[in-house]
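Heads up: the structure comes next, in structure tokens.
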Amino acid sequence: MKSLVRWGTTLGLVGSTLLATVFSGNAPVLALPDQQITEKLNEVPVFLITNPQGVPLTRTLPPAQNGQKSTTVADVFMNGQEAQNFLEQLRKQKDPKLVEMVKTLQVKPVPMGVVYQKLREDRNKPDRVLFALQPGQQDLQGAITLLRQKGQEVKGLIVPVFIVQSADKGYVSVKRKSNNQEIVPLFLSQKDAQGLLNQVKKDIPKAEIQVVDIEGVIQTLQQKNDEWLKQVTLVPSSESLEYISKQPRTNAPNTVATPNLKPNNAVTPPTQPKK
């Protein structure tokens, strides 16, 4: 990601207005209740750079040539360590004003559902802050490689989601060992999805990893009326959970741990998330 300084933008701290560039705020009648979508998203932590009061760091983009106003943007990182690395790079800048401002900044984990709800609340506000998702670079490159190997288009991929599926059996479902609940896991980490694929490959030879985008998943939850969507569970990356486990408890979001999963028979959904 380009540095804020190299972009020549203005840095500042603004109030907690969240996400307008990640999810579409103009959803039709919801297929799943909005609360259920929020709960699914709350399984996944994202990472903001904030001051001690939790106010996010923003950058100001210059006005477009069509005369529109300048835009205030904040970054939402999918990878906590990459957010930390970005903050460390800011602290190395020689601009005295910048150094003083970033001195007290921190990486703050936030449930994605909180971000989603704030977007829904602010979607019609003209002065809302736009938040841009920054995908984990390793997972993004892995997703691009998988798509190209299958001859699929990479254009428009924001944050990849990895699903284990079979051409003849559909998405592979699993059961949580804790409560035996059957779910369809959507992994935010290619490595974690590969772990499930390795487990099921013997019994489901045609199983492979499908790549979709987080925005397409959310739009599917908003728009489709399919029973299997109730089983869809977003699985946070093991790296994100490990990063959070090393942080002070007061800095951790209200997210659940990685589900303890065991392979189950595959299920065939009638509709797939947007590619």
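Taking each residue as 0.36 nm, the span from Gln223 to Asn198 lengthens on full extension beyond its C-alpha to C-alpha distance by 5.8 nm. By the rule of a C-alpha distance below 29 Å, with chain neighbours fewer than 8 residues away ignored, the lysines paired with Lys97 are Lys2, Lys69, Lys108. Straight-line reach from Lys191: taking Cα to Cα under 19 Å and skipping same-chain neighbours fewer than 8 places apart, the aspartates and glutamates in range are Glu43, Glu82, Asp139, Glu208, Asp213, Glu239, Glu242.
If a spin label sat at a point 7 angstrom from the Cα of Lys230 along the line to its beta carbon, the backbone N atoms of the range 146-181 nearer than 15 Å would be those of 181.
Output the relative contact order of the range 32-132, whole-number percent, from Cα pairs under 8 angstrom with separation of 6+ residues. Present the calculation step by step, with values, prior to reporting the outcome.
Working: 141 pairs, mean separation 39.9, N = 101.
Contact order relative to length: 40 percent.
Modelled label positions at Glu208 and Gln138, each set 7 Å beyond Cα in the direction of Cβ, lie 2.4 nm from each other.
Annotation for Gln35 and Arg120: the two label points, set 7 Å from Cα along the Cα-Cβ direction, are 1.0 nm apart.
Using a probe radius of 1.4 Å on heavy atoms only, what accessible surface per residue do you get for the range 138-222? Whole Å² is fine. Kindly include the intermediate steps, with their values, before the conclusion.
Values: 3890 Å² over 85 residues.
On a per-residue basis, the range 138-222 sits at 46 Å².
Averaging the Cα positions of each part gives two centres, and for the range 154-207 and the range 54-104 these lie 35 Å apart.
Any idea what % of Cα-Cα pairs in the range 135-245 are farther than 15 Å?
Values: 4087 of 6105 pairs.
Cα-Cα pairs of the range 135-245 separated by over 15 Å account for 67 percent.
At the listed q of 0.25 Å⁻¹, the Debye profile of the range 32-132, built from one uniform point per Cα, gives log10 I(q)/I(0) equal to -1.31.
Taking N as the residue count of the range 131-179, its C-alpha radius of gyration divided by 2.2 N^0.38 Å amounts to 1.46. Taking all Cα pairs closer than 8 Å and separated by 6 or more residues, the relative contact order of the range 135-245 comes to 31 percent. Spin-label model, Lys97/Arg148: points 7 Å from Cα along the beta carbon direction are separated by 4.1 nm.
The values are calculated or read from the model by the stated rules, or taken from the named source; none is laboratory data. Not measured: the values here are computed from a predicted model. In this analysis, Cβ positions are derived from the backbone assuming ideal geometry, glycine residues included, and neighbour counts consider all displayed protein chains. With ligands, DNA and RNA removed, areas are computed over all heavy atoms of the protein, side chains included. Shrake-Rupley method; radii C 1.70, N 1.55, O 1.52, S 1.80 Å.
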